[in-house]
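Presented below is the structure to which this report refers.
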Amino acid sequence: MTWIPRLANSKAVRMGAMALLVLAARPGLANWFGKSQPVPQWGLDAARTKVPDYAKDSNAVILFDEYVETIDGQGRAVEREREAIRILKPQGRGNTCEVSYDVDEKINYFRVWTIGADEKQYQAQDTDFNDEGDTSVPIMLSTRKSRIVHPPAVDVGAIEICESEEQLQPYLQEKAWQIQSGIAVLFEALEVDLPAGRPHSEAWKNHEPVRAVEVAPNHWRWELKDMPALTLRDVPSAPEWAALAGRMSVQWGEAAVEGSDNQWRAIGQWVTTLEANRPDPSPEITAKVNELIAGAPDFYTRLSRITDSIQRDIRYFVVMRGIGGLQANHAADIFHNRYGDCKDKTTLLISMLQVAGIKGYYVPVDDRRGVVAPGAPSLVGNHMITAIEIPAEVQDARLLALVKARDGKRYLIFDPTNERTPVGNLPSYLQGGYGILAAGAASQVIALPVLSPDANGTERKGTFKLSDDGTLSGSVDTSHSGPEGADLRTFLKYTEEKERREYWEKRVARDVPGAVLDSFQFVQPSAFDKPLEFHYKLTAAQYARHAGPLLLVRPRVVGSDSQAFDDKPRTFPIDLSATGRWHDSYDIALPPGYVVDETPDPVDVDVEFAAYHSSVTGKDNTLHYEREYVVREVEIPADKSAAFRKLESAILSDEKGTAVLKKQ
C-alpha cells in the first residue's frame, strides 16, 4: 500500500513519547549544519516555557512547534520548522529530529541543539547524524531516506531544539499540519506566505477551525495552545490513531477553492491528470485481455477473469523514486515486468478493463479507516484502489461492494493489491472508510460500503470425546469465507508448513492450554469466491476438571468472539473491525457413566450493531454447544459503549461457562 503523498512535508504521526521532526529534503552540496552557532533566541524563549501540571506525568512535552511555508509564483514551497521538546522522563529520551529526503527536494539547513539539564548548551555535529533508508514497506526499493540525529546530552530535564529549512516537492501544493501528537504540544503555529493574488483554502479534522491572522499581505498565521496528547494505550477496541488525531490541511493549488465538494473535485481532477494516459493498453495487454474474456457469458465472468489475473499474475513490489510515490508506471511496463505497487495494479486493471469495454477509475484511500474524512479535503492517504463502473443493466448478487455516485452511476469498489479477496467483496479494513473517486470533472469523495454480515465469516464444527481423566480429543472442521477467508489464504501464501503448525498450535493453545495439534490440513479452492477449509485434530490433557464426583467441562472448546472492553467512560468510537457471521457447533461425547447435570444458561443479546446467541444442551451422552455471532457495523459511536459492554460481557461469560457432569 504505497500511494504515499508527501504533503508539504506533513509531520509524521507521533506515537507514545516519540516526537519526530519530519523534513522532506535532499542533502545539497552546501553545509547541512552550518557553522557552530549558539542556541537561537526563539529556542531560548521556548526553553523558559513552564510545563503545566496536566503534562508533568508525560515522558516528554513539545514546548514550541512552528512551521512557515513560503510559496513562490509556481506554487513550490520552502518550509522552515522550529521545534523545542523537553524530556521529562527517561522514556522520553527517544525523542529526536529526523529529516526525510528524496531526489526532488533540497535541504537548505538543518541544525539541532540541546540545552542540558545543567543548562549547558550543545550543538549536534556531523557525527551525531545517521542516514537510513525507507523501510516502511518491506517489499520496496525507494530513493527516500531519512537523516536521524542523536544530539548530545539528551537526558531527563534537557530540551532539544531543532531548526530546518527546505525546498519541498514541486508537484504538491498542500500542507497537512499534524496538530496533535502522542505527547502534549504547548504551543504550535503554522504560517503560509502566498504570492499576491494566490488563494488558499483550509480544512480541519478532529478540531474546531481556528481563524487565521493575516500578519502581512496574503501571509496567514494560525496558532494553537495546549493541545492535549492523544494516547490510546489503555483504550480497548479503539479506532486507528491517525483517524482520531487532529490535523489541518491548507491548499494553495487547484484545490484552493470554496466548499468541500469543490475541493474534493479539484483533488480528484489533479489525480486524474497525474495518471492521464498511464493506463493506455499496449498490444500485448489487448491480446491478453481478449484471451481472458473469450467465451465469457456475462459481465461478472469477464470482470472476474481480469481481476483474477491481476491478483495472481502481477506481483506486489514497490519501486519508488520522487513523484513515483504518487504517479503510477505505464500499464505496458507493469504488464511486461509483472510487478507493481497499489497504484500500478490499479493502472493495469483500468487498462485491461478498458480493453473489455469496462470503465475503471483511480480511488486514493487510506487503509486506516477514518483517516480520510468527507469534511477534510486533502491528499492525505496511503493506498490506491479501483472503482469499476457497473452498467445499469447489470444486476448481479455477487457484486456486493457497490456505491452510488451523485450522478446515479454505480461503482464496484475493488482492491487489486489484496491478492485473495474476490472481486465483488471488499477487505474489512476498507469498509466504512472514504476515498476519492478520481473521475475528472465528476470527481468526488465517496463513502466506501459496509457489507452485510453474510459476506464474511467462519463456520466451525467440532466433534470431541472426553475421557474420565479429563482428556479431550477430537477434530475441528472450519470454513472461512469473504475477507476472513482471504486473510487466511494470504497467510498460507507467505508461510511454510512449519510456520503454520507453530502459529496454529499457539492459537489453539490460547483457547485450550496444553493442547497438542495432532494433524492439520488446508483445503484451498482455486476460485477466490469459494470458502477456504481448515481441518485439524487436537488432544488436550486435563481439559475437564474433577470436583469430587463431578466433572467440570467448558462447552465452548475453541474460538473466541470477545473483544477487549472496560467500564471507563468512553469518548472515542469503538472499532468492531469487521462485519460478519461466525457460527460454532461442538459435540462432546461424555465419558462412560457420566451424564449432564447442569449447563450454562442460554445467551440471547441483540444490540442493533451486533447479536450473540448461544445454548448448551445435553442429550444421549453428548454435550452440545451452539452459538452464532453476527456483527452488522464496523464502528460504533462512543454513546453506544454501554450496549457494547453488555454484548462483550455476555460473550465473555458464555465463553467461560462451565457444564457440570455427574456419574449416574
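The values are calculated or read from the model by the stated rules, or taken from the named source; none is laboratory data. Remember, predicted model here, so these are calculated numbers, not experimental data. Don't worry about glycine lacking a Cβ; one is built from the backbone with ideal geometry, like all the others, and counts go over all protein chains shown. These area figures cover heavy atoms from the full protein model, side chains too; ligands, DNA and RNA do not enter into them. Shrake-Rupley method; radii C 1.70, N 1.55, O 1.52, S 1.80 Å.
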| In Å², nearest 10: area of V156 left accessible to a 1.4 Å probe | 60 Å²
| query | For segment 221-285, what mean projected area does the convex hull of the alpha carbons give, in nm²? | reply | 9.0 nm²
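Just how large is the dipole of segment 53-138 about the Cα centre, in debye to the nearest 20, putting +1 at every Lys and Arg Cβ and -1 at every Asp and Glu Cβ?
Dipole of segment 53-138, to the nearest 20 debye: 400 debye.
Over the chain, average the accessible area per residue using a 1.4 Å probe and give it in Å², no decimals.
It amounts to 42 Å² per residue over the chain.
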| query | Where does each of 57-63, 239-245, 344-350, 308-314 land if you order them by average Cβ count within 10 Å, highest first? | reply | 344-350, 57-63, 239-245, 308-314
| Counting only protein heavy atoms and using a 1.4 Å probe, what share of the accessible area of segment 37-87 belongs to carbon plus sulfur, as a whole percent? | 48 percent
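What FRET efficiency, computed as 1/(1 + (r/R0)^6) with R0 = 45 Å and r the Cβ-Cβ distance, is obtained for T231 and T471, rounded to the nearest 0.05?
Numbers: r = 45 Å, r/R0 = 1.01.
So, using R0 = 45 Å, E works out to roughly 0.50.
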| said: Taking all protein chains in place and a 1.4 Å probe, what share, in percent, of the accessible surface of segment 583-664 do carbon and sulfur account for? | reply: 46 percent
| said: When a/c reaches 1.5 or more, the comparison of a/b and b/c decides; with that in mind, is segment 248-317 rounded, prolate or oblate per its Cα gyration tensor? | reply: prolate
| remark: Gyration tensor on Cα atoms of segment 272-376, a ≥ b ≥ c root eigenvalues, a/c under 1.5 rounded, else prolate if a/b beats b/c, else oblate, says prolate
| note | Along segment 43-55, Karplus-curve 3J(HN,Hα) (6.51, -1.76, 1.60; θ = phi - 60°) to the nearest Hz, with x for Gly and Pro, reads x, 5, 5, 5, 5, 7, 5, 7, 7, x, 4, 5, 10
| request: Of the options Y54, F414, G381, report the single residue whose Cα projects farthest towards the positive end of the charge dipole of the chain (beta-carbon charges: Lys, Arg +1; Asp, Glu -1). | output: F414
| Computed [θ] at 222 nm, deg cm²/dmol, the chain (DSSP H ≥ 4; -39,500 (n - 2.57); rounded to nearest 500) | -5500 deg cm²/dmol
| task | Find how much the distance from D131 to Q37 grows on full extension, using 0.36 nm per residue of separation minus their present alpha carbon separation; answer in nm with one decimal. | result | 31.5 nm
| task | Express the carbon and sulfur contribution to the solvent-accessible surface of segment 327-372 as a percent, rounded to the nearest whole number, probe 1.4 angstrom. | result | 42 percent
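How long is the gain from D597 to R507 if the chain were fully straight, where each residue apart is worth 0.36 nm and the alpha carbon distance is subtracted?
On the way: separation 90, 0.36 × 90 = 32.40 nm, distance 3.08 nm.
Stretched fully, the D597-R507 segment lengthens by 29.3 nm.
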| field | Cleavage-rule hits (trypsin sites (Lys or Arg not before Pro)) in segment 373-462: DSSP loop, at most 16 neighbouring Cβ within 10 angstrom | value | R398, R406
| request: Could you pull out the pairs from K404/K568; K205/K359; K461/K506; K56/K145 whose alpha carbons sit more than 28 Å apart here? | output: K404/K568; K205/K359; K56/K145
| Given charges at beta-carbon only (K, R positive; D, E negative), |dipole| of segment 202-291 in Debye | 220 debye
| request: Please give the helix 299-313 orientation as an angle from the longest Cα principal axis of the chain, in degrees from 0 to 90, rounded to the nearest 10. | output: 70 degrees
| note | A correct Karplus calculation of ³J(HN,Hα) over segment 320-336, with 6.51 cos²θ - 1.76 cosθ + 1.60, θ = phi - 60°, whole Hz and x for Gly and Pro, returns 10, 9, x, 5, x, x, 10, 9, 6, 6, 6, 4, 4, 5, 4, 5, 5
| message | Can you list, by residue number, the Cys in the chain that have no neighbouring cysteine C-beta under 4.7 Å? | response | C342
| Cα gyration tensor shape for the chain, rounded if a/c is under 1.5, else prolate or oblate | oblate
| request: Give the peptides 653-661, 547-555 in descending order of average Cβ contacts within 10 Å, highest first. | output: 653-661, 547-555
| Fraction of alpha-carbon pairs over 11 Å apart in segment 451-492 - percent | 70 percent
| message | Using a Debye calculation, one point per C-alpha and no hydration shell, please list log10 I(q)/I(0) for segment 607-662 at q = 0.16, 0.18, 0.21, 0.23 Å⁻¹ in order. | response | -0.59, -0.69, -0.83, -0.93
| note | Stretched fully, the stretch from Y109 through R410 gains (0.36 nm per residue minus C-alpha distance, one decimal, in nm) 103.3 nm
| How would you rank 180-191, 72-83, highest first, on the average number of other Cβ atoms within 10 Å across their residues? | 180-191, 72-83
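How big is the dipole moment of segment 176-231 about its Cα centre under a simple scheme where the beta carbon of each Lys and Arg is +1, that of each Asp and Glu is -1, and everything else is neutral? Debye, nearest 20, please. Write down the numbers at each step before the final one.
Values: 5 positive and 8 negative charges, 21 e Å.
The dipole magnitude comes to about 100 debye.
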